[in-house]
Every structure is written in structure tokens, then in C-alpha cells.
Amino acid sequence: MKKRLLILGCNTSQLKYTQLINKNEWKIIGVDLNKNAPGKFFCDKFYNVGYDNLSALIEIGKKEKFRKIDYVFTAASQFAQKGAAHFAENFGIKYPSEKTIDLCLNKSLYYKYFEKIDIPVPETSYIKNKKQLRTKLAHIKSGVFYLKSDFSKNPNYVYKFNVSNIPWNNFFWGSDRYLREYYILQKEIKGTSLRINIYGNDFNVFNFLNGKKTSLYHSQINKFKIIETLKDFMKTLSIHKWLIKFDVILYSDGYVVLDVGLDPPSRMIKLAEDNKINFYKCYIDQYLNNKIKYPKLLN
């Protein structure tokens, strides 16, 4: 009997993954909020449901008789991981816990966690409303700051400003997918902005500003034991078998970590496509077959 595979996200950006999954090996159940998602034609069954509709996902799982030997996969927005983890926990499927996913999605949680386990982060304040922000900034005479909502994904609710000219009317103070409880206030750190992708025993580094892969900073990265530290973080949360991306600012005396990401890395995908490497197959092999074998060009 085929194992069942729930795929969260069947739209255009996920299409190449869905096309490559072997229908002879899996019974594929796809879900997407777009009823015309192109990936639906590569599924055995398709449900017009959003990946954040947790109760509907559970009903689909019951209807399709999912078991603990079955699988969940997503290459959609990292918010889809919440639905995937919730589904997996309900059916006893092996997957990182929903608590782990919640931590990785919420800046106010992972910054506090980073500090707890001695991963360096910028000095951080947690702001609930405009009054608290005014109070916090009232006695600061100079400097450039970032204000980022707890669930922000650039450019949603990520603001950069100089305290000499604070754009008070630009800040959103409502509540939605990207802002749940806190804004995170941090002073700008001067240094080199890097994206680090870690997968298995390998990693690569991209200059955040120009998107180019680089090895210029490997000696500093090794000096500060950045990869070892981030791998320990991944192992502690049981996401060490995934491809995880981190935003890091590197400077002469050290580094800070700004972000952790769970979705497929766009810079790495572009590098693969530019060099006619099938990233999508490698990604599927990693997540469904536990084979972490990306071509050396990507390392």
C-alpha cells in the first residue's frame, strides 16, 4: 500500500516540487486556497483549503485515513509549516513539533530563546503600542533603528528609521497575520549582512545585499564558530535534518543573528537554476527520503 503524502501548497511557486514527487510511491493529497492551483493536477486528491485552516486540515486527514507512517511536505511560505506541524501531531506523523514551528515563526519568541542559549542578537526591546515606543525612544538622541513586527516577513511591517526623523504615521498598529502582539525594536548593527543556509554537514553563505554566494567570510565564520552554534540550535529543536536559513550580521568583533527561516531559500534556488542544477529534486530527496546530497557548486 502506498504511503499517503499531504502537500500543503500547490500553487505556481510550489509546482516544480509537486511535479517531481513520484506518484508511484505516494498517494498525494494536495491542499491550496487557490481552487485553480496548477499543482492539483499532479495530486491524487485535491482540497480547496488554505494551509492555515487547521481544523479543515484535520478533517482531511481523517477522511483520507492518515496514519503515523504517512508524511507531510510543504515548500510554501514558512507559515505553512504551522499547518504541517499541527497536522502531523494530530496523526502521530514524525515531524518537528508545532511548538518548535511556533518559536521559529515568532521573532519575540526566538530572540528570547537565542539569548537564553547564548546566541548573540542585537539589543532588543518588545513594543506593544505607540505609547511604549514613544517612551522607549524619548531619551535617545541619535541612531538608526529597525522596528519589526513579531511575525513580519520583509517588507511586511519592517521599518528602518533615524530617531531624528521618526515616521510615526507610517507604523501599523493593528493586528493581522504579520503583527500579533509585539514589535521588535533594535538599533542598527554595522557590519556585513549575510544569509547562511545550513543543510546536513554542509552550508553556504550569500551576501545579503547582492544575493551572490561568497566564501570571503568563511575564516571569520569559523573563528566565531557560527556554523557549530547554529547547528546546535537546529539539533536542539529537531530541525537538523531540514534546510534552515539564518540572517546574520558579521563584524570585526563578532556577529548577531537576526532571523531564522524555514521556507526554501530563494538565493540558493536561483544559483541552482543559473547552473542548471535541479534544486527541487535535491530538496525533495532531503525532506522525503532523508538524502542530503546537493551538488558541491551550491556548498
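Every read-out reported here was derived from the displayed coordinates using simple, explicitly stated rules and does not represent laboratory data. Quick caveat, the model's predicted, so the values are computed rather than measured. For neighbour counting, all protein chains shown are included, and Cβ atoms are generated from backbone atoms with ideal geometry for every residue, glycine included.
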Please specify each residue of segment 135-154 satisfying the condition of being touching a residue at least 24 places away in the same chain (Cβ under 8 Å), of a type in the set (D, E, K, R) and not in a strand (DSSP E or B). Lys136, Asp150, Lys153
Conditions first: (1) assigned to a loop (DSSP other than H, G, I, E, B); (2) crowded, with 18+ Cβ neighbours inside 10 Å. Ala85 passes all but one, so which condition is the exception? (1)
List the residue pairs whose Cβ atoms are under 8 Å apart, where the first residue sits in segment 49-60 and is farther than 13 Å from Ile7 by Cβ, the second is hydrophobic (A, V, I, L, M, F, W, C) and part of a loop (DSSP other than H, G, I, E, B), and the two are 6 or more positions apart or on different chains. Gly50/Leu33; Asp52/Phe79; Ala56/Val49
If you check every pair at least six apart or on different chains, which have Cβ atoms under 8 Å apart with a residue in segment 97-108 that is assigned to a helix (DSSP H, G or I) first and a residue that is among the β-branched types (Val, Ile, Thr) second? Thr100/Ile239; Cys104/Ile239; Cys104/Val260; Lys107/Ile184; Ser108/Ile184
Can you find, within segment 155-167, the residue that is surrounded by the fewest Cβ atoms within 10 Å (Cβ to Cβ) among those that are β-branched (Val, Ile, Thr) and assigned to a loop (DSSP other than H, G, I, E, B)? Val163
Checklist (1) crowded, with 19+ Cβ neighbours inside 10 Å; (2) in a loop (DSSP other than H, G, I, E, B); (3) in contact (Cβ under 8 Å) with a residue 24 or more places away in the chain applied to Lys94, failing item: (1)
